[in-house]
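The values are calculated or read from the model by the stated rules, or taken from the named source; none is laboratory data. Keep in mind that this is a model prediction, so the values were computed, not measured. Don't worry about glycine lacking a Cβ; one is built from the backbone with ideal geometry, like all the others, and counts go over all protein chains shown. Please note that ligands, DNA and RNA were not included when accessible areas were found on the heavy atoms of the full protein model with its side chains. Shrake-Rupley method; radii C 1.70, N 1.55, O 1.52, S 1.80 Å.
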Amino acid sequence: MTPRVENPYDHAPAAIKAMLAVETSLRTGGLERSLIDLVKLRASQINGCAYCIGLHTTEARRHGESEMRIVLLNAWREAALYSPRERAALAWTEALTRLSETGAPDALYADLRTSFTEAEQVQLTLQIGAINLWNRLQVGLRGVHHPDPSRHAA
């Protein structure tokens, strides 16, 4: 695949800096790192973002995520490897990533409320929004996944 824009970061440095500041804030917002990794990876799978799937798979492994949980993430509903809290987050991730189709259903929000405080709900929702923006940047501008994970910028 050929990138549509060679290095989008060079063309919007202030916006990229702001997005990275959002990411830093969300990492320190109280949600466990393993949950953030799963959310980023699942949204990226839905959006078909090879760049972000490669990046977040590598990050999840580096943070200690098991290979089996990474491999089965696309089928998390059928796999017994995810906690009720993770399941609520993954369902919310799918609903917000497919917002035009789902409308963020009340039933999923009710499940979310059983596992997350209001502050965590906001943090999670912001994280889902952020990864969807990164996915749209990479997919829209044809960001190329590099086989060396250290070469990823986002």
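Summary of computed values
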read-out	value
In degrees, nearest ten, helix 33-47 long axis to first principal axis of the chain (Cα)	70
Apportionment of accessible area to carbon and sulfur, the chain, percent (1.4 Å)	58
Summed side-chain charge close to Leu126 - residues other than Leu126 whose Cβ falls under 15 Å, Lys, Arg +1, Asp, Glu -1	-1
Cα→Cβ-extended label distance, 7 Å offset, between Arg136 and Ala110, nm	3.0
Degrees, to the nearest 10: 84-97 long Cα axis against longest axis of the chain	50
Arg87/Thr117 FRET efficiency (R0 25 Å; Cβ-Cβ; nearest 0.05)	0.90
For Glu65, distant residues with modelled amide H under 5 Å away	none
Karplus 3J(HN,Hα) series, Hz, for segment 126-139 with 6.51 cos²θ - 1.76 cosθ + 1.60 (x for Gly, Pro)	5, 4, 5, x, 5, 5, 5, 5, 4, 4, 5, 4, 6, 6
In nm, spacing of pseudo-spin labels at Thr125 and Leu20 (7 Å Cα→C-beta vector)	2.9
GNM flexibility winner over the chain from Asn47, Asn132, Asn74 (Cα, springs under 10 Å)	Asn74
Per residue accessible area of the chain, 1.4 Å probe, in Å²	53
Per-pair calculated FRET efficiency, R0 = 22 Å: Ile70 and Tyr9 via Cβ, rounded to 0.05	0.25
Loop-exposed trypsin sites (Lys or Arg not before Pro) per DSSP, neighbour cap 15 Cβ within 10 angstrom, longest uninterrupted part of the chain	5-76
The chain - convex hull of the alpha-carbon atoms, volume per residue in Å³	119
GluC sites (Glu not before Pro) restricted to segment 33-91 and DSSP loop, no more than 10 other C-beta within 10 Å	Glu78
